[in-house]
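Inspection log for the structure reproduced underneath, given as structure tokens.
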């Protein structure tokens, strides 16, 4: 069950995972068909699912299951933050794109930052640029970090996973071994931090349903059903954009 914390081990394992993904993306780009000039740069119709979730709602579990089911890369906050804060990693990611696409992303990033965005630390600039570059490759499930706002409505399928607070607290107690007090504190802290992240960096509200294609309440539907709902929405989106399913 989703605890609000990134799973995984020490930094070396994250570094190895990121390097594997960057190598895969670079190889994919080498075999990609060159884009026509009018197709360069975002916002392309991307094969990406973004998942925003409340702590304890099961959003992380759903995101990982979707990635496994569809054969997509799973990218979470820990991976994104490593790329954003590591000059070498983000350089490799951006350099894996062709020159025309990189130029298009630069224009897209500046547009995002001039639009809904309030604060402008270096982190936000590189988060937008790195996530957009990663999404340009497609074939990924991106968990957290305001992916729905950064990529926009044409940038993929955007899903919000929620659940009643009492259920989320119970999930942390039952599945993460927390005390009731610890679980209540974790839920309150996480909800506040994630809402503040959206407001500070993008002037957005994390719970605004207009920023998502689908909002799923796991207090009303089990995780398996939630996953099937998202898969149905994704297949419909892919069909509309005339992609081939993996």
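The values are calculated or read from the model by the stated rules, or taken from the named source; none is laboratory data. Predicted, not measured: the structure shown is a model, and the values here were computed from it. As a convention, Cβ positions derive from the backbone with ideal geometry for all residues, glycine included, and neighbour counts pool all protein chains shown.
Here are the numbers:
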read-out: Yes/no for residue 216 being touching a helix residue (DSSP H, G or I) at 6+ places or on another chain (Cβ under 6 Å), surrounded by 12 or more Cβ atoms within 10 Å (Cβ to Cβ) and in a strand (DSSP E or B); value: yes
read-out: Among the residues listed as 12, 33, the single one being assigned to a loop (DSSP other than H, G, I, E, B), modelled with pLDDT under 90 and farther than 30 Å from residue 204 by Cα; value: 33
read-out: Among (1) part of a helix (DSSP H, G or I); (2) touching a strand residue (DSSP E or B) at 6+ places or on another chain (Cβ under 7 Å) - the single one residue 201 does not satisfy; value: (2)
read-out: Residue 237 vs. criteria over 16 Å from the mean Cα position of the chain (by Cα), at pLDDT below 95, outside any loop (DSSP other than H, G, I, E, B) and surrounded by 14 or more Cβ atoms within 10 Å (Cβ to Cβ); value: yes
read-out: Residue match in the stretch 123-136 (condition: crowded, with 17+ Cβ neighbours inside 10 Å, in contact with a strand residue (DSSP E or B) (Cβ under 9 Å, 6 or more places away or on another chain) and at positive phi); value: no
read-out: Counted residues, the stretch 70-95 - those being out of contact with any helix residue (DSSP H, G or I) (no Cβ under 7 Å at 6 or more places or on another chain) and assigned to a helix (DSSP H, G or I); value: 8
read-out: Top-ranked residue in the stretch 204-213 [being assigned to a loop (DSSP other than H, G, I, E, B) and in contact with a strand residue (DSSP E or B) (Cβ under 6 Å, 6 or more places away or on another chain); ranked as nearest to residue 113 (Cα to Cα)]; value: 212
read-out: Hits in the stretch 76-93 (condition: crowded, with 20+ Cβ neighbours inside 10 Å and either touching a strand residue (DSSP E or B) at 6+ places or on another chain (Cβ under 7 Å) or without any contact (Cβ under 8 Å) to a residue 40 or more places away in the chain (or both)); value: 76
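Rundown of residues vs (1) over 24 Å from residue 204 (Cα atoms); (2) modelled with pLDDT of 90 or more, yes/no style:
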{"position": "59", "(1), (2)": "no, yes"}
{"position": "101", "(1), (2)": "yes, no"}
{"position": "107", "(1), (2)": "no, no"}
{"position": "136", "(1), (2)": "no, no"}
